[in-house]
Amino acid sequence: MQIDVFTLFPEWFDWMRRPRHLANAAEHAGLELRAFSYRDYTPLSAGQVDDAPYGGGAGMVLRVDVIAEGLQRVYGLPAADVRRRRRVVVLTPRGRMFTDRVARELAELPELTLLCGRYEGFDERIVEHLATDAVSIGRYVLAGGELAAMVVCDAVLRKLPGALGHADSAIEESFSEALDGAPEYPHYTRPASYRGWDVPEILLSGHHERIREWRRERSEERGRPGSGG
Ligand code: ADE
């Protein structure tokens, strides 16, 4: 899979590429993560990428011509055609909520482009004419889409076959279909007893069927409204 991120801060994505465990996971999963700077493609002489909003108001808005030029130059296609070839997702607080289901859906794609906003956000024509859809990672406003893009990359990477050491780790994890969308059950490891805090006996019993049942019950419990799970 190839994920391209368009941003004003491409170097931030080194954070995702450098650490050995992430680099290994990406390599095993066949993920190529590229980051492009809007500034490298702006057709404006002063290197400008944004402008004041029409109609007035605070903040600056990312320009449609700048984003179009970036897409066109990177993919060698008219900007409006790029979204016919690959999924182009705008990260914005008003997008569709990013969930385990969306992560799975994106992980199925061979190619994905993420557009990060800054300032007051995007000129609406970017969303309408250049992107396929918009995604939000939560009902709060970040200073930009970069952290949201990293969240998407991280969650998508986990879904790719080969990314995690153990083949089942991403299948039965929180919010997955295998757990009917509920949070994952609690985990324990050695020591079996620490300061009188004991690991549930069932987990030491070796009864795989009963352990499975216990885990399912704990997962369901955590998923009930008001459980804080
Ligand atoms: N950009 C700013 N805030 C965001 C959010 N909550 N989700 C996705 N992109 C964003």
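The values are calculated or read from the model by the stated rules, or taken from the named source; none is laboratory data. Since the structure is predicted, the reported quantities are computational estimates derived from the model, not experimental observations. Quick reminder, even Gly has a Cβ in these numbers, built from the backbone with ideal geometry, and neighbours come from all protein chains shown. Quick note on the areas: whole protein, heavy atoms, side chains included, nothing else; ligands and nucleic acids left out. Shrake-Rupley method; radii C 1.70, N 1.55, O 1.52, S 1.80 Å.
Please list, ordered by residue number, the helices (runs of 4 or more DSSP H) wholly in region 1-78 having 2 or more residues that are at pLDDT below 95.
Once the helices (runs of 4 or more DSSP H) in region 1-78 are filtered for at least 2 residues that are at pLDDT below 95, what remains is 14-17, 20-29.
On the basis of being in contact with a Leu (Cβ under 8 Å, 6 or more places away or on another chain) and either assigned to a helix (DSSP H, G or I) or closer than 27 Å to His21 by Cα (or both), does Glu184 make the cut?
No; evaluated as a whole, the condition is false for this residue.
In region 147-171, which residues are open to solvent by 70 Å² or more (accessible area, probe 1.4 Å) and more than 20 Å from Pro19 (Cα to Cα)?
Hits for region 147-171 are Ala167, Asp168, Ile171.
Would you point out which residue out of Val102, Val82 is closer than 29 Å to Ala178 by Cα, part of a helix (DSSP H, G or I) and modelled with pLDDT of 95 or more?
Val102
Yes or no, residue by residue, for (1) open to solvent by 20 Å² or more (accessible area, probe 1.4 Å); (2) within 16 Å of the ligand (Cβ to nearest atom):
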residue	(1), (2)
Gly56	yes, no
Val66	no, no
Arg73	yes, no
Ala79	no, no
Arg84	yes, no
Val88	no, yes
Arg94	yes, yes
Met97	yes, yes
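Would you please name the residue that is modelled with the lowest pLDDT, looking only at residues in region 116-146 that are open to solvent by 80 Å² or more (accessible area, probe 1.4 Å) and either acidic (Asp, Glu) or not in a helix (DSSP H, G or I) (or both)?
Filtering region 116-146 for residues that are open to solvent by 80 Å² or more (accessible area, probe 1.4 Å) and either acidic (Asp, Glu) or not in a helix (DSSP H, G or I) (or both), the one modelled with the lowest pLDDT comes out as Tyr119.
Working carefully through the options Asp50, Asp40, find the one that is open to solvent by 60 Å² or more (accessible area, probe 1.4 Å) and under 17 Å from Cys116 (Cβ atoms).
Asp40
Hey, among the residues in region 54-111 that are among the hydroxyl-bearing types (Ser, Thr, Tyr) and in contact (Cβ under 8 Å) with a residue 12 or more places away in the chain, which one's farthest from Ala35 (Cα to Cα)?
Thr99
Which number in (1) farther than 30 Å from Glu173 by Cβ; (2) open to solvent by less than 40 Å² (accessible area, probe 1.4 Å); (3) aliphatic (A, V, I, L, M); (4) touching a Phe, Trp or Tyr at 6+ places or on another chain (Cβ under 8 Å) marks the one condition that Met60 misses?
That leaves (2) as the condition not met.
Looking at Ala178, is it of a type in the set (Gly, Ala, Ser) and within 13 Å of the ligand (Cβ to nearest atom)?
Considered against the rule, which asks whether it is of a type in the set (Gly, Ala, Ser) and within 13 Å of the ligand (Cβ to nearest atom), Ala178 comes out as no.
So which of Gly95, Gly162, Gly138 is out of contact with any Leu (no Cβ under 6 Å at 6 or more places or on another chain) and over 25 Å from Leu62 (Cβ atoms)?
Sole residue among the options that is out of contact with any Leu (no Cβ under 6 Å at 6 or more places or on another chain) and over 25 Å from Leu62 (Cβ atoms): Gly162.
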